[in-house]
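Shown next, in structure tokens, is the structure this report addresses.
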Amino acid sequence: MSKSVDNLEKIRKSLSRRNRAEKRFRFYGVTAVLIGLAAVMLLFTDIVSKGHGAFRIAYLQLDITYDQDLIGIDNLTDPQQLALGNWQAMPKVSLRNQFPDVSGRKDKRSLYGLVSNGAGFDLKDRLLENPLLLGDSETLWVLADDDIDTYYKSWLDGEPYDARLTAKQVAWIHELHDQGKIRLQFNSNLFTRGDSREPEQAGIRGAVMGSLLTLILTLLLSFPIGVSAAIYLEEFAPKNAWTDFIEVNINNLAAVPSIIFGLLGLAIFINFFHVPRSVPIVGGLVLTLMTLPTIIITSRAAIKSVPPSIREAALGMGASKYQMVLHHVLPLALPGMLTGAIIGMAQALGESAPLLMIGMVAFIVDIPGGFSDPATVLPVQIFLWADSPERAFIEKTSAAIMVLLSFLIIMNTSAVWLRKRLERRW
Amino acid sequence: MDKMKFENHYMKQFDEELEEIRTRLMEMGGKVEQQLQNAIRAVSDADSKLAEEVIKEEKFVDEMEVDIDEACILIIARRQPAASDLRLVMMVTKAVNDLERIGDEAKKIANHAVILAGESKTSEGYTEVRHLGQSVVSMLSNALDAFARFDVDAAMRTIEEDKQIDLDYKTALRELVTYMMEDPRSISRAINILWVVRSLERIGDHAKNLCEQIVFVVKGKDIRHQ
Amino acid sequence: MNQNASTAGTKPAKEAKPEAMQTLELTDNEATVGQCFTDKPKMSMRNVNVFYEDKQAIHDVSVDIAKNEVIAMIGPSGCGKSTFLRSLNRMNDTVDGCRVEGKICMDGEDLYAPKLDVVELRARVGMVFQKPNPFPKSIYDNVAYGPKLHGLADSRVDLDEIVEKSLRKASLWDEVKERLHQAGTGLSGGQQQRLCIARAIAVSPEMILMDEPCSALDPIATAKIEELIEELSENFTIAIVTHSMQQAARVSHRTAYFHLGRLIEVNPTEQVFTMPAHRLTEAYITGRFG
């Protein structure tokens, strides 16, 4: 009797100790999660605070005259005239009219520096769309230069950054501001243009298209190959030293640094098969090599998770092995395989190192239209911008990161959604 | 010889339960054997007090029968015995029945002993009773011994003893008829003794049944009515 | 194989002593005790050995299974009864390193002959597993799977008929006729197992193998399956592996006792459960250590 009382006493004592340990453990867990969350939040706030400015850009209001003599054209259908036309003269003239007191070459040049170098070409595109404007004039919002944009935004935020501007330029900006002739508006160039040396004209369209083309190719190649390999290894291959060897190697491949795949692609696809550099084809091939191990491993895991009882049932009914796989294993494993594929794709989307090796780091202004056009991809674009000296590229870099992150989030969310949607219970 | 073991079950309680019905059957056998001996002594010694005792104690035998039967039903319900265990339990329920009937016969003998003790004290017929009684008691104790050791050979020998008892029974009948013809006054007495002898013969049959059950338990073979 | 075939006929399997069995001679011989052979067997096995890699799981088993009989395989875990059952429709083929020696014939046809297609064999010998394993499809599709697979139905109407007939035979029709197109996995355990039986009989096999079909079921579901086995034995030959001796006693006509990969005894069920011929069988069914 007394012994059981003793025991009860001991149990109670140890119980409070255990409860404390449990509480402590739970606290550690919550702390770890909170630290992780805080890190993510910090990253996001940093990126968003740096990058949100890139979605708006400064425009100047100018009175533009489409003067045939000034530009030097009389026929809008003659490509030679269009190519040689002095388009930039239009904003220059307009600016001179705006500030008639400016004289001297140096001052004039800094005055012309208010508008973007590409402003004339934007006006040319507008003219080509509306040929009737030739000889006419209108009041337009014209893209400002990136230094002006940077200064104007920083000035609006209360911390003016004028290191790259002359005192006169600053004064003009304030004058324009007072007249309401400078304003920030949505930066559609960011989404509709390719890369450019001029930050105010640079967009991510080219990089997004490049990423898309590369990813499409990667998916088309790696998913069927990966799934077939997984099915063969899991269901048909004999279990022997060879398959063990293959399995070990696949697992190793998944851990190989991605730049090695780039070197491999360079050596095989470009140097040996003479695939052109910098094109989505070679990018897709290299990323396929890189994602294959991931897809094979996740697909094998998905196949393994199909209960053996279902296989037995199918075989017991007289299904051949092929029918068993096709009718039962594959449909049940598909959600897992798709999830693996999407995660592999997300990984490929964020990859830059291997693509550097195969020339997708080149400066490409044109937006790629096909698999064989030179292209770059989002992460490489980020890398390029981050490396550029112009201050305006800082916010552009963050903006591109935000776009990349949102693609990744969309892909991962759709992976979760797909799994929830397709998963069957048994 | 085959060894019948009722132990080594994975469930120890099952061993104990089987052992218990066996021991209780042996106890009941001992009690019945003692009842029979006392009844026979009551007849041959004209001891009506002893006879009364036998009559009184018969109810203990009945109680034992009910108890053992209950235990057997419980074993069947709880353990679902199979093979040798099943045969043992079935055998015990049947053996209990036989022993109870032997107890009944002993009581009948005691009843007649009371009547006989009240009459004259001639010793005619007592030799037959004593002789037959000895054979039956020895047969019953042989049967119980065979059961205690699950000895098929002993059981078969004991079954053979029944034939001798049947012969002795017929001889005794003839003797008693002779007495009745010689002396008509002894008829009522002779009839009483005749009932005693008759009971003894029935007890022999029950002892034979017991032995047949032993063979069934050990060999799995039903040798009744052969 | 050939060598085994020639020795199969000569091997005495203690069949010649029915009288001795009656008097229950407890023997310790290696050879199988009891009534192993019948005149016109549905399935006959001679000197069957099964190996997993180097480990021998079945030692020299010879036994016949008669047409329309229910034969129960009992024995302690790991005694090889399931392995033996699975060698009857070559489910062991799916296990790596599993090797079957000896001769297994159905209606005189060697099941392990190179030209025999295992798909055809499994259409002829159906199987029901320990855990109810309906496909994660509708009840209808579960039953229709086999007929579709083997092209047994000529039309949709035909298929409907087969499905209904099979579900009726598995005494499941009345419970599911209103929801044929709901998931089979939504049924209760017992219903799922009967669905699996319906699925197996939908291809009209000649024989049904059952590997502990009730071990995951409650007593009432078990009773329903057992009743079903009784009914099915009118049309099918059934071999059932069971852990429950009472179940073997209730449903089977003959009982085979396996011990450490050896077939110790085969006898009519009533004999096995009242007077088994072998010491080991006795020990097993009375629950003793042998």
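We did not get these values from a lab; they are worked out from the coordinates using the rules stated. Being a predicted model, the structure only gives us computed values, none of them experimental. Virtual Cβ from ideal backbone geometry, glycine too; neighbours counted across all protein chains shown.
Table for the structure above
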quantity: Selected from B:Ala190, B:Ala82, B:Ala143 as most flexible by GNM, with chain B as the system and alpha-carbon contacts under 10 Å; calculated: B:Ala82
quantity: Largest-first ellipsoid semi-axes for segment A:55-193, taking √(5λ) over the Cα gyration tensor eigenvalues, angstrom; calculated: 27, 17, 12
quantity: Chain B, relative contact order [Cα under 8 Å, separation at least 6], %; calculated: 26
quantity: Extended-chain gain in nm, criterion 0.36 nm per residue less alpha-carbon gap, A:Asp69 and A:Asp157; calculated: 27.5 nm
quantity: Shielding by partners, peptide C:130-137 (average Cβ within 10 angstrom, other chains); calculated: 6
quantity: Karplus-derived 3J(HN,Hα), 6.51/-1.76/1.60, for each residue of segment C:84-94, Hz, glycine and proline x; calculated: 4, 4, 6, 6, 6, 10, 6, 5, 5, 4, 6
quantity: Over 15 Å [Cα-Cα, segment C:215-287], rounded percent; calculated: 56
quantity: Radius of gyration and Dmax over the Cα atoms of the protein assembly as shown, both given in Å; calculated: 49.8, 179
quantity: Residues whose placed amide H lies under 5 Å from that of C:Asp110, excluding near-sequence neighbours; calculated: none
quantity: Least to most buried among A:Glu234, B:Glu7, A:Glu395 (fewest other Cβ within 10 Å first); calculated: B:Glu7, A:Glu234, A:Glu395
quantity: Spherically averaged projected area in nm², based on the convex hull that wraps the Cα atoms of segment A:205-422; calculated: 13.5
quantity: Cα long-axis angle, helix B:187-219 against chain B (0 to 90 degrees, to the nearest 10); calculated: 20
quantity: Among C:Pro136, C:Ile162, A:Gly283 the positive-end extreme of the charge dipole of the protein assembly as shown (Cβ point charges); calculated: A:Gly283
quantity: Radius of gyration, Dmax [chain A; alpha carbons; angstrom]; calculated: 30.6, 115
quantity: Helix axis angle, C:156-169 relative to chain C longest principal axis, alpha carbon, degrees; calculated: 50
quantity: Candidates B:Asp153, B:Asp205, B:Asp166, ranked by Gaussian network fluctuation over chain B, Cα under 10 Å, top entry; calculated: B:Asp153
quantity: Most mobile of A:Pro280, A:Pro91, A:Pro199 in a GNM of chain A (Cα contacts under 10 Å); calculated: A:Pro91
quantity: Sequence-distant residues sharing a close amide H with C:Ala66 (under 5 Å, placed H); calculated: C:Lys42
quantity: Separation of alpha-carbon centers, segment B:184-203 and segment B:41-86, rounded to whole Å; calculated: 26
quantity: DSSP-loop trypsin sites (Lys or Arg not before Pro) across segment B:67-150, with at most 12 other Cβ within 10 angstrom; calculated: B:Lys121
quantity: Chain C - convex hull of alpha carbons, volume per residue in Å³; calculated: 131
quantity: Gap separating the Cα centres of segment A:82-134 and segment A:341-359, nearest whole Å; calculated: 42
quantity: Partner chain coverage, peptide C:117-127 - average Cβ within 10 angstrom; calculated: 3
quantity: Karplus 3J(HN,Hα) series, Hz, for segment C:63-72 with 6.51 cos²θ - 1.76 cosθ + 1.60 (x for Gly, Pro); calculated: 7, 10, 10, 7, 5, 6, 9, 10, 10, 9
quantity: Normalised convex hull volume, segment B:12-219, alpha-carbon set, Å³ per residue; calculated: 92
quantity: Phi-based couplings in Hz for segment A:237-246 (Karplus 6.51, -1.76, 1.60; Gly and Pro marked x); calculated: 5, x, 8, 9, 4, 5, 5, 4, 4, 4
quantity: Column: log10 I(q)/I(0), Debye, Cα scatterers of segment A:282-405, q = 0.13, 0.16, 0.18 Å⁻¹; calculated: -0.68, -0.84, -0.95
quantity: Segment A:55-193 - charge dipole about Cα centre, Lys and Arg +1 at Cβ, Asp and Glu -1, debye rounded to 20; calculated: 360
quantity: Centroid-to-centroid separation of segment A:1-74 and segment C:225-290 [C-alpha atoms, Å]; calculated: 65
quantity: Least to most buried among A:Asp149, A:Asp387 (fewest other Cβ within 10 Å first); calculated: A:Asp387, A:Asp149
quantity: Relative contact order [Cα under 8 Å, 6+ residues apart], segment A:205-422, whole percent; calculated: 31
quantity: Inter-chain Cβ neighbour average for residues A:303-316, partner chain, 10 Å; calculated: 5
quantity: log₁₀ of I(q)/I(0) at q = 0.16, 0.17 Å⁻¹ - segment C:37-76, Debye sum with one point per alpha carbon; calculated: -0.51, -0.56
quantity: Residues whose placed amide H lies under 5 Å from that of C:Ala57, excluding near-sequence neighbours; calculated: C:Val50, C:Phe51, C:Tyr52
quantity: Exposure proxy ranking, count of Cβ atoms within 10 Å, fewest first, for B:Val89, A:Val5; calculated: A:Val5, B:Val89
quantity: Over chain C, relative contact order from alpha-carbon pairs under 8 Å, at least 6 apart, %; calculated: 26
quantity: Sites matching chymotrypsin sites (Phe, Trp or Tyr not before Pro) across segment C:231-290 that sit in DSSP coil, with at most 12 neighbouring C-beta atoms within 10 Å; calculated: C:Phe289
quantity: Coil-residue GluC sites (Glu not before Pro) of segment C:223-290, DSSP, other Cβ within 10 Å capped at 13; calculated: C:Glu234
